[in-house]
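The structure appears below as structure tokens.
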Amino acid sequence: MYRTLPRRLATGASRGGARVVRRRLTTEPPSSEPLPKKRHVVRTILLSTTVLVGGFYVGSTFLAFKNETYHEFFSEQVPLGYSFLQYGEDHHWDTMTVESVIESSKKTLASAQRYVTDTLSGAPSTAQEAKSAVKNTKEAAVKAIQDSKDRATSAAARIKTEIKKETSGATAIVKHQSEQFSRGVEELIREAEAALDKAKTTAADALEPPPTDTAGPGVYHAPLPVGFELPPGYARPSPPKKPEPSPADAPRLPLLSPELSSISASEPIIAHLAGTIDNLTAYVESNPTATAKAASVLETAKSDLTALATRIEKVREDERAGLEAKMDEQTREYTVKLMDLEMEAQDKLDGQEQEFRRYFDEERARLTQAYREKLENELQTQTELINERLKEEVIAQGIELQRRWIREIKVRVEEERGGRLAKIDELSANLKRLERVALDNSTYLDENLRIHTLWSALRALSSSALTSPVRKPFREELRVVRHIAAARDDPVVAAALDSLEGSDVPDVGVEPLADLSTWFAAEVAPKVAHVALVPDENAGLLSHLASRAFAGLRFKRHGLVSGDDVLSVLARAEHYLNEKDLDSAARELNQLKGTAKLLLHDWLEAARRRLEVQQALEVVQTQATLASLLVV
Amino acid sequence: MSTPKPPSSEDLLGQKYDRCLADFLVKAGVGFSAGVVLSVVLFRRRTWPIALSTGFGAGIAYADCDRSFNPARIPGTRIISQLPEAPQGK
């Protein structure tokens with residue numbers, strides 16, 4: 001379809017071009033400028049050849065991709081053809097379609113147009129480019145923001161969905177995460193504290209040399225949050241100054257704790273008290289102004305404390321004595337109790353022994369019982385096993401017996417079957433014989449029927465052909481006979497009937513014997529008698545006349561007379577005809593020669609026809625008789 | 001019956017006789033008349049030309065008739081029947 005249109009267009013265009021050229025040739029005056037025309041001629045030739053060659057090569061390449069034979073021709077015969085094909089395959093010309101060509105051409109056209117417009121617009125384009133670049137970046141930024149937003153929302157949604165999904169395992173995860181988080185927080189706190197300390201120290205180190213700066217404008221008094229550091233230019237306030245070391249040469253006060261160590265070992269409260277007093281002492285010692293006053297107080301405290309310690313000792317001794325007395329009393333009581341318990345235990349042991357004995361007896365009885373039971377079980381199992389074995393044996397024997405019986409039955413059945421089969425064979429043989437007899441009978445009957453029909457047809461034929469009083473055609477009867485005889489497939493009958501049917505005798509019929517006889521007696525015999533004396537050869541008019549003259553003078557002979565002359569033969573033939581022996585009569589007359597034979601020709605022909613039919617019918621009759629005899 | 005049926009073979013001789021008679025009469029008559037004319041015109045009423053011409057006619061008729069009875073007889077020829085062994089009686 002698409003091939004026809006361009007061709008028509010091309011032809012139209014060419015026609016139009018030709019017309020234009022012709023018009024120009026007719027209208028314009030020739031030889032306006034000879035020189036440029038020459039140059040033009042050369043150029044047009046070059047151009048046209050280039051275009052033609054290019055077109056040929058490109059077209060051939062496309063055609064070669066379409067047509068196999070042309071492909072071979074183009075690649076082998078045309079110079080540079082193979083390389084062109086290679087180029088075309090590299091650039092996928094073979095798979096190119098019209099749509100793709102149009103598409104690509106459109107694309108190239110658009111790009112070219114864009115290029116042209118760009119080059120034409122020139123300077124304005126740069127500003128525009130810049131604008132567009134800005135716009136682009138803006139758009140890109142917006143897009144990126146949008147993207148990130150989208151991504152975030154999607155992530156949130158995803159997280160949400162995940163959380164929703166994992167409601168079951170969420171608590172555990174949350175707990176774990178919280179633990180981790182708390183641990184991380186703790187670590188962080190720790191780190192922060194360490195960092196703070198470090199910062200503090202550094203700040204302190206840094207701020208120590210100028211002490212006036214502590215209350216400067218850069219001091220930050222408020223407590224800092226955890227993990228935060230001060231911005232540059234700010235500093236923590238310096239820590240309070242360390243106390244001045246006390247002078248070492250102060251009068252020392254007596255310490256209680258080493259002295260009361262013996263007591264404090266047993267009484268921790270006293271030791272504690274001593275420690276407190278020592279502390280006080282230490283404090284007092286640190287305060288040099290009070291040392292003198294405190295010494296006496298300390299002494300009293302010491303004496304009181306020792307008195308307290310001794311008092312405590314005394315009280316303890318008393319307590320111990322009381323406790324010992326109590327212990328003795330309790331010992332006595334418990335010994336009595338022990339005795340009672342011993343007695344009781346003895347009784348209990350006796351009871352237990354009896355019980356054990358009883359238990360032993362019972363156990364023995366139980367064991368014996370158990371063993372007996374076990375034994376009985378064993379016996380039972382043994383008997384069961386034996387019984388089972390016996391049963392199995394019985395079953396095996398039963399199976400064996402059954403098998404034997406089955407075999408026997410099979411044998412019996414086989415014998416029976418054999419007998420039955422023999423009987424059936426006999427029956428089938430009888431049946432076959434019967435069948436054969438029936439078939440024979442049927443064939444016999446068929447044969448009989450056929451012979452009967454043949455006989456009937458033959459009778460009809462002979463009645464119509466031979467014994468009828470007038471001459472009449474018997475083609476129909478002959479056809480019937482032939483049809484019936486054809487079923488029997490007898491060659492003799494077929495030959496006889498064929499010979500009869502081949503002649504025209506059935507159409508004209510045969511003369512009846514009576515007609516033949518009268519014909520002979522009335523017409524043929526006297527005329528033959530007139531030429532009886534005519535010689536066989538050179539019989540002229542005179543001899544004929546003489547024979548006619550003298551024949552009347554001769555005696556007429558009758559009956560079966562001997563002699564070869566014409567009159568005797570005629571007499572014999574007449575005699576045979578009187579005896580209805582046409583065959584012999586014809587034989588006699590057939591012996592005549594010369595003019596007599598000539599005169600007898602027609603009659604002999606008729607007689608021979610009749611004799612032929614008669615003979616054929618006799619043959620068929622004989623065959624039919626033979627067949628009927630064969631059937632019986 | 002209307003169409004000229006070939007005659008029966010036994011009537012062959014009778015036909016020949018009939019034809020011969022007719023032929024004889026015609027030819028003898030023609031000879032006679034010719035003789036009469038000749039005798040009157042040429043021979044001054046003599047009788048012998050009449051007899052001669054009548055004889056000619058009768059002779060011609062006879063010859064024709066004889067030839068019709070025995071077509072094999074041609075003047076100057078003789079048919080010799082090759083008689084085999086013996087002429088068997090007669």
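Some points to look at:
- Restricted to the range B:56-79, and to residues there that are closer than 13 Å to B:K16 by Cβ and in a loop (DSSP other than H, G, I, E, B), the residue that is farthest from the other protein chains (Cβ to nearest Cβ) is B:P71.
- Residues in the range A:523-536 that are more than 10 Å from chain B (Cβ to nearest Cβ) and small (G, A, S): A:A529, A:A532.
- Residue in the range B:34-47 that is under 14 Å from the mean Cα position of the chain (by Cα) and either over 23 Å from A:E523 (Cβ atoms) or within 11 Å of chain A (Cβ to nearest Cβ) (or both) present: no
- When the residues of the range A:605-618 are filtered to those that are surrounded by 19 or more Cβ atoms within 10 Å (Cβ to Cβ) and not small (G, A, S), the one that is nearest to A:L513 (Cα to Cα) is A:R610.
- Enumeration of residues in the range A:429-471 that are exposed (fewer than 12 other Cβ atoms within 10 Å of the Cβ), polar (S, T, N, Q) and in a helix (DSSP H, G or I): A:N430, A:N441, A:S442, A:T443
- Count of residues meeting criterion [within 14 Å of another protein chain (Cβ to nearest Cβ) and over 23 Å from B:P71 (Cα atoms)] in the range A:547-560: 1
- Selection count, the range A:59-86, where residues are in contact (Cβ under 8 Å) with a residue 12 or more places away in the chain and surrounded by 13 or more Cβ atoms within 10 Å (Cβ to Cβ): 11
- Across the range A:469-477, a minimum of one residue is classified as under 30 Å from A:W455 (Cα atoms), in contact with a helix residue (DSSP H, G or I) (Cβ under 9 Å, 6 or more places away or on another chain), free of Cβ contacts under 8 Å to residues at least 12 places away in the same chain and more than 14 Å from chain B (Cβ to nearest Cβ).
This table checks each residue for (1) among the hydrophobic types (A, V, I, L, M, F, W, C); (2) surrounded by 12 or more Cβ atoms within 10 Å (Cβ to Cβ).
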| site | (1), (2) |
| --- | --- |
| A:L516 | yes, yes |
| A:W519 | yes, yes |
| A:A525 | yes, yes |
| A:V528 | yes, yes |
| A:L541 | yes, yes |
| A:A546 | yes, yes |
| A:A549 | yes, no |
| A:G552 | no, no |
| A:V561 | yes, yes |
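- Of A:A485, A:A539, A:A514, all but one fail to be more than 13 Å from every other protein chain (Cβ to nearest Cβ), small (G, A, S) and more than 20 Å from A:L577 (Cα to Cα); the exception is A:A485.
- Checklist (1) under 19 Å from the mean Cα position of the chain (by Cα); (2) more than 12 Å from chain A (Cβ to nearest Cβ); (3) exposed (fewer than 14 other Cβ atoms within 10 Å of the Cβ) applied to B:K27, failing item: (3)
- With respect to (1) within 17 Å of A:A585 (Cα to Cα); (2) at pLDDT below 85, the lone exception for A:D489 is condition (1).
- The lone criterion from (1) in a loop (DSSP other than H, G, I, E, B); (2) farther than 16 Å from A:A586 by Cα left unmet by A:E511 is number (2).
- Whichever residue in the range A:96-115 is open to solvent by 100 Å² or more (accessible area, probe 1.4 Å) and not charged (D, E, K, R) and, among such residues, is farthest from A:K66 (Cα to Cα): A:Y115
- Subset tally (residues that are among the small types (G, A, S) and away from chain B (no Cβ under 12 Å)) for the range A:591-618: 2
- Filter pass, A:E588 being among the acidic types (D, E), more than 14 Å from every other protein chain (Cβ to nearest Cβ) and either farther than 30 Å from B:A72 by Cα or in contact (Cβ under 8 Å) with a residue 40 or more places away in the chain (or both): no
The values are calculated or read from the model by the stated rules, or taken from the named source; none is laboratory data. Just so it is clear, the structure is predicted and the values come from calculations on it, not from any experiment. As a convention, Cβ positions derive from the backbone with ideal geometry for all residues, glycine included, and neighbour counts pool all protein chains shown. Keep in mind that these areas ignore ligands, DNA and RNA; they rest on the heavy atoms of the full protein, side chains included. Shrake-Rupley method; radii C 1.70, N 1.55, O 1.52, S 1.80 Å.
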